[in-house]
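The values are calculated or read from the model by the stated rules, or taken from the named source; none is laboratory data. From a predicted model like this one, the values you see are computed outputs, not experimental measurements. Cβ placement follows ideal geometry from the backbone for every residue including glycine, while neighbour counts extend to all protein chains displayed.
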Amino acid sequence: MRSATIVLAFTFVVLLGWAGAVHAQRGSPGSPFTPNSVDCGPVAGCETALMKQWEMYRDLPFHLDQHLRQGKEWDKEFARKQSEKLIHELSLPCELVDAERAGGGRIAVDGHMLDVKVYEAACRSGTGYLLVSQPPRNSLAVSCFAAEASHVADIARGLKPDGFSCVLSDQNNVKTMAASVLNRAGTVCDVKDYHWLGVSHVNGTEYSEVACADGNGYVLEIPKTGPAAQISVVGCQDAVKQGVKCTLSPVTMPVTLQTLRDAIANQAVDCEPAEIRYIGRETQGRRYVVELRCPQQPKGLVAFIPLEGNPKPFETVDCSAAAARALKCTLTAKQ
(Lines give C-alpha, C1' and ligand atoms only; values in the text may rest on other atoms or scores of the structure.)
Protein backbone atom coordinates (compact mmCIF):
# COMPACT_ATOMS: atom_id res chain seq x y z
CA MET A 1 0.00 0.00 0.00
CA ARG A 2 1.31 3.40 -0.91
CA SER A 3 1.02 5.75 2.04
CA ALA A 4 0.79 9.52 2.29
CA THR A 5 4.28 9.44 3.73
CA ILE A 6 5.34 7.94 0.42
CA VAL A 7 3.53 10.67 -1.51
CA LEU A 8 5.16 13.37 0.52
CA ALA A 9 8.57 11.75 0.22
CA PHE A 10 8.07 11.87 -3.51
CA THR A 11 7.02 15.53 -3.36
CA PHE A 12 10.23 16.26 -1.47
CA VAL A 13 12.27 14.56 -4.22
CA VAL A 14 10.47 16.59 -6.85
CA LEU A 15 11.06 19.89 -5.13
CA LEU A 16 14.69 19.24 -4.28
CA GLY A 17 15.75 17.17 -7.27
CA TRP A 18 13.59 18.12 -10.24
CA ALA A 19 12.97 21.79 -9.57
CA GLY A 20 16.46 22.21 -8.11
CA ALA A 21 15.36 25.19 -6.04
CA VAL A 22 16.63 23.92 -2.70
CA HIS A 23 19.30 21.49 -3.88
CA ALA A 24 22.79 22.64 -2.97
CA GLN A 25 24.59 22.90 -6.26
CA ARG A 26 27.94 21.38 -5.34
CA GLY A 27 28.96 19.93 -8.70
CA SER A 28 32.43 20.24 -10.13
CA PRO A 29 33.52 23.71 -11.32
CA GLY A 30 31.59 24.57 -14.43
CA SER A 31 29.38 21.51 -14.10
CA PRO A 32 25.71 22.04 -14.93
CA PHE A 33 24.61 19.38 -12.47
CA THR A 34 23.05 19.36 -9.08
CA PRO A 35 24.44 16.69 -6.72
CA ASN A 36 23.37 13.07 -7.09
CA SER A 37 21.93 12.88 -3.59
CA VAL A 38 19.55 14.90 -1.46
CA ASP A 39 22.24 15.93 1.04
CA CYS A 40 22.22 19.69 1.45
CA GLY A 41 25.68 20.11 2.94
CA PRO A 42 27.03 23.39 4.30
CA VAL A 43 25.14 25.58 1.87
CA ALA A 44 22.62 28.31 2.61
CA GLY A 45 19.06 27.32 1.79
CA CYS A 46 18.90 23.88 3.36
CA GLU A 47 17.23 24.83 6.64
CA THR A 48 14.22 26.21 4.84
CA ALA A 49 10.54 25.99 5.69
CA LEU A 50 10.28 23.34 2.99
CA MET A 51 12.87 21.16 4.73
CA LYS A 52 11.13 21.53 8.09
CA GLN A 53 7.81 20.80 6.41
CA TRP A 54 9.30 17.60 5.01
CA GLU A 55 10.55 16.53 8.44
CA MET A 56 7.04 17.04 9.76
CA TYR A 57 5.55 15.03 6.89
CA ARG A 58 7.77 12.02 7.58
CA ASP A 59 6.22 11.64 11.02
CA LEU A 60 2.58 11.98 10.03
CA PRO A 61 0.65 8.68 10.29
CA PHE A 62 -1.26 9.20 7.04
CA HIS A 63 -2.46 6.22 5.08
CA LEU A 64 -4.01 6.49 1.65
CA ASP A 65 -7.19 4.70 0.83
CA GLN A 66 -5.63 2.70 -1.96
CA HIS A 67 -7.84 -0.23 -1.01
CA LEU A 68 -10.79 1.92 -2.04
CA ARG A 69 -9.80 1.88 -5.70
CA GLN A 70 -13.29 2.26 -6.95
CA GLY A 71 -15.39 4.72 -8.88
CA LYS A 72 -14.23 7.47 -11.20
CA GLU A 73 -11.27 8.64 -9.12
CA TRP A 74 -9.41 5.34 -9.55
CA ASP A 75 -10.58 4.52 -13.06
CA LYS A 76 -7.72 3.96 -15.55
CA GLU A 77 -9.33 6.12 -18.21
CA PHE A 78 -9.82 8.93 -15.71
CA ALA A 79 -6.16 8.59 -14.64
CA ARG A 80 -5.12 8.77 -18.27
CA LYS A 81 -7.10 11.95 -18.91
CA GLN A 82 -5.74 13.61 -15.78
CA SER A 83 -2.19 12.58 -16.69
CA GLU A 84 -2.64 14.03 -20.18
CA LYS A 85 -3.72 17.32 -18.61
CA LEU A 86 -0.69 17.39 -16.29
CA ILE A 87 1.71 16.48 -19.11
CA HIS A 88 0.30 19.34 -21.19
CA GLU A 89 0.35 21.73 -18.23
CA LEU A 90 3.99 20.94 -17.43
CA SER A 91 5.03 20.65 -21.13
CA LEU A 92 6.71 17.32 -20.45
CA PRO A 93 8.46 15.44 -23.29
CA CYS A 94 6.02 12.53 -23.05
CA GLU A 95 3.61 10.92 -25.49
CA LEU A 96 1.39 9.07 -23.04
CA VAL A 97 0.80 5.35 -23.57
CA ASP A 98 -0.40 4.30 -20.10
CA ALA A 99 -1.33 5.86 -16.79
CA GLU A 100 -2.76 5.00 -13.41
CA ARG A 101 -3.52 6.67 -10.12
CA ALA A 102 -0.59 6.04 -7.76
CA GLY A 103 -1.81 7.68 -4.59
CA GLY A 104 -3.15 10.81 -2.99
CA GLY A 105 -4.96 12.22 0.00
CA ARG A 106 -5.97 15.29 1.94
CA ILE A 107 -2.85 16.81 3.48
CA ALA A 108 -2.42 19.89 5.69
CA VAL A 109 0.25 22.26 4.40
CA ASP A 110 0.88 25.66 5.99
CA GLY A 111 -2.55 25.62 7.60
CA HIS A 112 -4.35 24.70 4.39
CA MET A 113 -5.75 21.37 3.32
CA LEU A 114 -4.43 20.23 -0.07
CA ASP A 115 -6.14 17.58 -2.15
CA VAL A 116 -3.04 15.79 -3.48
CA LYS A 117 -3.37 13.32 -6.34
CA VAL A 118 -0.40 11.36 -7.73
CA TYR A 119 -0.42 9.63 -11.10
CA GLU A 120 2.15 7.48 -12.82
CA ALA A 121 2.57 8.02 -16.57
CA ALA A 122 4.38 5.76 -19.03
CA CYS A 123 5.63 7.43 -22.23
CA ARG A 124 6.13 6.07 -25.73
CA SER A 125 9.82 7.04 -25.58
CA GLY A 126 10.31 4.48 -22.80
CA THR A 127 10.52 7.05 -20.02
CA GLY A 128 8.01 7.49 -17.21
CA TYR A 129 6.92 10.15 -14.74
CA LEU A 130 5.23 10.53 -11.39
CA LEU A 131 2.83 13.47 -11.65
CA VAL A 132 1.49 15.42 -8.68
CA SER A 133 -1.66 17.52 -8.75
CA GLN A 134 -1.93 19.71 -5.64
CA PRO A 135 -4.23 22.70 -6.32
CA PRO A 136 -3.98 25.60 -5.75
CA ARG A 137 -0.22 24.96 -5.77
CA ASN A 138 1.62 24.30 -9.02
CA SER A 139 1.62 20.75 -10.32
CA LEU A 140 4.89 18.82 -10.15
CA ALA A 141 6.62 15.99 -12.00
CA VAL A 142 9.62 13.75 -11.41
CA SER A 143 10.97 11.18 -13.82
CA CYS A 144 11.05 7.50 -12.94
CA PHE A 145 14.84 7.68 -13.32
CA ALA A 146 15.07 10.43 -10.69
CA ALA A 147 12.63 8.65 -8.35
CA GLU A 148 14.78 5.52 -8.44
CA ALA A 149 17.92 7.61 -7.88
CA SER A 150 16.37 9.01 -4.71
CA HIS A 151 15.54 5.46 -3.59
CA VAL A 152 19.17 4.38 -4.12
CA ALA A 153 20.47 7.50 -2.33
CA ASP A 154 18.28 6.75 0.71
CA ILE A 155 19.66 3.22 0.94
CA ALA A 156 23.24 4.49 0.63
CA ARG A 157 22.62 6.92 3.50
CA GLY A 158 21.17 4.21 5.70
CA LEU A 159 17.64 5.60 5.49
CA LYS A 160 14.48 3.60 4.95
CA PRO A 161 13.49 4.11 1.29
CA ASP A 162 10.09 5.68 0.73
CA GLY A 163 9.09 2.76 -1.47
CA PHE A 164 7.54 5.00 -4.08
CA SER A 165 8.54 3.74 -7.50
CA CYS A 166 7.24 3.39 -11.03
CA VAL A 167 5.49 0.11 -11.76
CA LEU A 168 3.89 0.51 -15.19
CA SER A 169 5.15 -1.69 -18.05
CA ASP A 170 8.95 -1.76 -18.03
CA GLN A 171 9.36 1.24 -15.71
CA ASN A 172 9.90 -0.94 -12.62
CA ASN A 173 13.58 -1.45 -13.43
CA VAL A 174 15.82 1.44 -14.47
CA LYS A 175 18.07 -0.76 -16.60
CA THR A 176 15.06 -2.10 -18.47
CA MET A 177 13.67 1.40 -18.84
CA ALA A 178 17.02 2.72 -20.11
CA ALA A 179 17.19 -0.16 -22.61
CA SER A 180 13.69 0.72 -23.77
CA VAL A 181 14.62 4.37 -24.31
CA LEU A 182 17.74 3.36 -26.27
CA ASN A 183 15.85 0.83 -28.36
CA ARG A 184 13.11 3.28 -29.29
CA ALA A 185 15.78 5.83 -30.19
CA GLY A 186 17.33 3.28 -32.58
CA THR A 187 20.41 2.55 -30.47
CA VAL A 188 21.37 -1.10 -29.92
CA CYS A 189 22.58 -1.72 -26.37
CA ASP A 190 22.51 -4.71 -24.04
CA VAL A 191 22.42 -2.62 -20.87
CA LYS A 192 25.05 -3.77 -18.38
CA ASP A 193 24.92 -0.88 -15.94
CA TYR A 194 23.05 2.36 -15.33
CA HIS A 195 23.82 5.53 -13.39
CA TRP A 196 21.69 8.63 -12.83
CA LEU A 197 23.92 11.68 -13.33
CA GLY A 198 21.61 14.48 -12.27
CA VAL A 199 19.60 17.47 -13.45
CA SER A 200 21.04 20.60 -15.03
CA HIS A 201 20.43 23.67 -12.91
CA VAL A 202 20.80 25.70 -16.11
CA ASN A 203 17.94 24.31 -18.20
CA GLY A 204 16.46 21.41 -16.24
CA THR A 205 17.71 18.71 -18.61
CA GLU A 206 18.04 15.33 -16.89
CA TYR A 207 21.06 13.12 -17.60
CA SER A 208 21.48 9.38 -17.13
CA GLU A 209 24.44 7.20 -18.11
CA VAL A 210 24.14 3.72 -19.60
CA ALA A 211 26.95 1.18 -20.09
CA CYS A 212 26.47 -1.56 -22.70
CA ALA A 213 27.82 -5.10 -22.71
CA ASP A 214 29.80 -4.40 -25.90
CA GLY A 215 31.81 -1.67 -24.16
CA ASN A 216 29.93 1.30 -25.58
CA GLY A 217 28.44 3.91 -23.31
CA TYR A 218 25.71 6.50 -23.77
CA VAL A 219 24.15 9.47 -22.02
CA LEU A 220 20.36 9.88 -22.10
CA GLU A 221 19.45 13.57 -22.25
CA ILE A 222 15.83 14.21 -21.31
CA PRO A 223 14.72 17.86 -21.48
CA LYS A 224 12.54 19.25 -18.71
CA THR A 225 10.00 20.43 -21.27
CA GLY A 226 9.35 20.01 -24.96
CA PRO A 227 8.22 17.35 -27.43
CA ALA A 228 9.17 13.74 -26.84
CA ALA A 229 11.30 13.79 -29.99
CA GLN A 230 13.81 16.00 -28.16
CA ILE A 231 15.02 13.12 -25.97
CA SER A 232 18.61 12.52 -27.08
CA VAL A 233 21.02 9.59 -26.89
CA VAL A 234 24.63 10.80 -26.97
CA GLY A 235 27.76 8.65 -27.00
CA CYS A 236 29.98 9.10 -23.95
CA GLN A 237 32.87 10.46 -26.03
CA ASP A 238 30.61 13.14 -27.52
CA ALA A 239 28.95 13.83 -24.16
CA VAL A 240 32.27 14.65 -22.51
CA LYS A 241 32.72 17.47 -25.04
CA GLN A 242 29.51 18.94 -23.60
CA GLY A 243 30.88 18.70 -20.06
CA VAL A 244 29.01 15.48 -19.21
CA LYS A 245 31.52 12.83 -18.11
CA CYS A 246 30.63 9.15 -18.12
CA THR A 247 31.93 7.09 -15.21
CA LEU A 248 30.77 3.62 -16.28
CA SER A 249 32.53 3.63 -19.68
CA PRO A 250 36.06 4.79 -20.55
CA VAL A 251 36.34 8.17 -22.26
CA THR A 252 39.23 10.28 -23.47
CA MET A 253 38.99 13.71 -21.94
CA PRO A 254 39.34 16.55 -24.46
CA VAL A 255 42.61 18.48 -24.31
CA THR A 256 42.17 22.08 -23.20
CA LEU A 257 44.61 24.88 -22.45
CA GLN A 258 44.17 24.04 -18.78
CA THR A 259 45.19 20.44 -19.55
CA LEU A 260 48.38 21.77 -21.13
CA ARG A 261 49.02 24.18 -18.24
CA ASP A 262 48.71 21.30 -15.77
CA ALA A 263 51.11 19.17 -17.82
CA ILE A 264 53.68 21.97 -17.82
CA ALA A 265 53.28 22.47 -14.06
CA ASN A 266 53.94 18.76 -13.52
CA GLN A 267 57.33 19.14 -15.29
CA ALA A 268 58.67 21.77 -12.87
CA VAL A 269 59.46 24.17 -15.72
CA ASP A 270 60.96 27.49 -14.62
CA CYS A 271 58.04 29.40 -16.05
CA GLU A 272 54.81 30.64 -14.53
CA PRO A 273 52.83 31.35 -17.72
CA ALA A 274 51.09 34.69 -17.83
CA GLU A 275 49.82 33.62 -21.23
CA ILE A 276 49.78 30.44 -23.24
CA ARG A 277 49.18 29.95 -26.98
CA TYR A 278 48.35 26.67 -28.61
CA ILE A 279 50.43 26.17 -31.79
CA GLY A 280 49.41 22.65 -32.84
CA ARG A 281 50.65 19.06 -32.81
CA GLU A 282 53.73 17.50 -34.28
CA THR A 283 53.14 15.49 -37.44
CA GLN A 284 55.46 12.67 -36.38
CA GLY A 285 55.81 12.75 -32.59
CA ARG A 286 52.21 13.90 -32.01
CA ARG A 287 53.25 16.05 -29.07
CA TYR A 288 51.18 19.16 -28.32
CA VAL A 289 53.12 22.36 -29.01
CA VAL A 290 52.44 25.58 -27.07
CA GLU A 291 54.14 28.94 -26.69
CA LEU A 292 54.51 30.34 -23.17
CA ARG A 293 54.96 33.92 -22.04
CA CYS A 294 56.45 34.19 -18.56
CA PRO A 295 58.79 36.64 -16.76
CA GLN A 296 61.29 33.87 -15.99
CA GLN A 297 61.97 33.30 -19.72
CA PRO A 298 62.63 36.66 -21.43
CA LYS A 299 63.61 34.88 -24.68
CA GLY A 300 60.24 33.16 -24.76
CA LEU A 301 59.55 29.48 -24.41
CA VAL A 302 57.98 26.75 -26.54
CA ALA A 303 56.94 23.46 -24.93
CA PHE A 304 56.44 20.07 -26.58
CA ILE A 305 53.99 18.12 -24.43
CA PRO A 306 53.31 14.37 -24.78
CA LEU A 307 49.85 13.35 -23.58
CA GLU A 308 47.56 10.30 -23.77
CA GLY A 309 50.33 7.77 -23.18
CA ASN A 310 52.66 9.29 -25.78
CA PRO A 311 56.17 7.88 -25.07
CA LYS A 312 57.93 10.92 -26.54
CA PRO A 313 59.77 13.09 -23.97
CA PHE A 314 58.59 16.44 -22.66
CA GLU A 315 60.76 19.22 -24.08
CA THR A 316 61.12 23.00 -23.96
CA VAL A 317 63.16 25.33 -26.19
CA ASP A 318 63.47 29.11 -26.40
CA CYS A 319 61.94 31.01 -29.29
CA SER A 320 65.17 31.23 -31.29
CA ALA A 321 65.55 27.44 -31.19
CA ALA A 322 61.86 27.09 -32.03
CA ALA A 323 62.39 29.28 -35.13
CA ALA A 324 64.91 26.74 -36.37
CA ARG A 325 62.05 24.25 -36.32
CA ALA A 326 59.85 26.60 -38.33
CA LEU A 327 57.86 27.63 -35.26
CA LYS A 328 57.21 31.36 -34.80
CA CYS A 329 56.67 32.92 -31.40
CA THR A 330 54.10 35.72 -31.18
CA LEU A 331 53.85 36.24 -27.41
CA THR A 332 57.52 37.10 -26.73
CA ALA A 333 57.16 40.67 -27.99
CA LYS A 334 54.63 41.35 -25.21
CA GLN A 335 57.26 40.81 -22.49
Counting only residues in the stretch 184-239 that are of a type in the set (D, E, K, R) and in contact with a helix residue (DSSP H, G or I) (Cβ under 9 Å, 6 or more places away or on another chain), the one farthest from Asn173 (Cα to Cα) is identified as Lys224
Restricted to the stretch 78-124 and to residues being touching an Asp or Glu at 6+ places or on another chain (Cβ under 7 Å) and of a type in the set (A, V, I, L, M), the residue surrounded by the fewest Cβ atoms within 10 Å (Cβ to Cβ) is Leu96
Worksheet item: Within the stretch 271-282, is there a residue that is within 33 Å of the chain's Cα centre (by Cα), hydroxyl-bearing (Ser, Thr, Tyr), modelled with pLDDT under 90 and loosely packed, with under 14 Cβ neighbours inside 10 Å?
Response: no
In the stretch 242-301, residues that are outside any loop (DSSP other than H, G, I, E, B) and of a type in the set (A, V, I, L, M) total 11
Checked pairs for the stretch 173-187, first of a type outside the set (Lys, Arg), second in a helix (DSSP H, G or I), C-beta under 8 Å and 6 or more apart or across chains, list as Val174/Cys144; Val174/Phe145; Val174/Glu148; Met177/Cys144; Met177/Phe145; Ala178/Phe145
By residue number, the members of the stretch 295-321 that are closer than 22 Å to Asn266 by Cα and free of Cβ contacts under 8 Å to residues at least 24 places away in the same chain are Phe304, Pro306, Gly309, Pro311, Pro313, Val317, Asp318
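Which residues, counting only those in the stretch 146-162, are in contact with a helix residue (DSSP H, G or I) (Cβ under 6 Å, 6 or more places away or on another chain), assigned by TED's automatic domain parsing to the domain that holds Asp75 and touching a residue at least 60 places away in the same chain (Cβ under 8 Å)?
Matches in the stretch 146-162: Ala146, Ser150.
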Of the residues in the stretch 208-237, those that are at negative phi and assigned to a loop (DSSP other than H, G, I, E, B) come to Ala213, Asp214, Asn216, Pro223, Lys224, Thr225, Pro227, Ile231
Those residues of the stretch 88-112 which are modelled with pLDDT of 90 or more, of a type in the set (Gly, Ala, Ser) and part of a strand (DSSP E or B) amount to Ala99
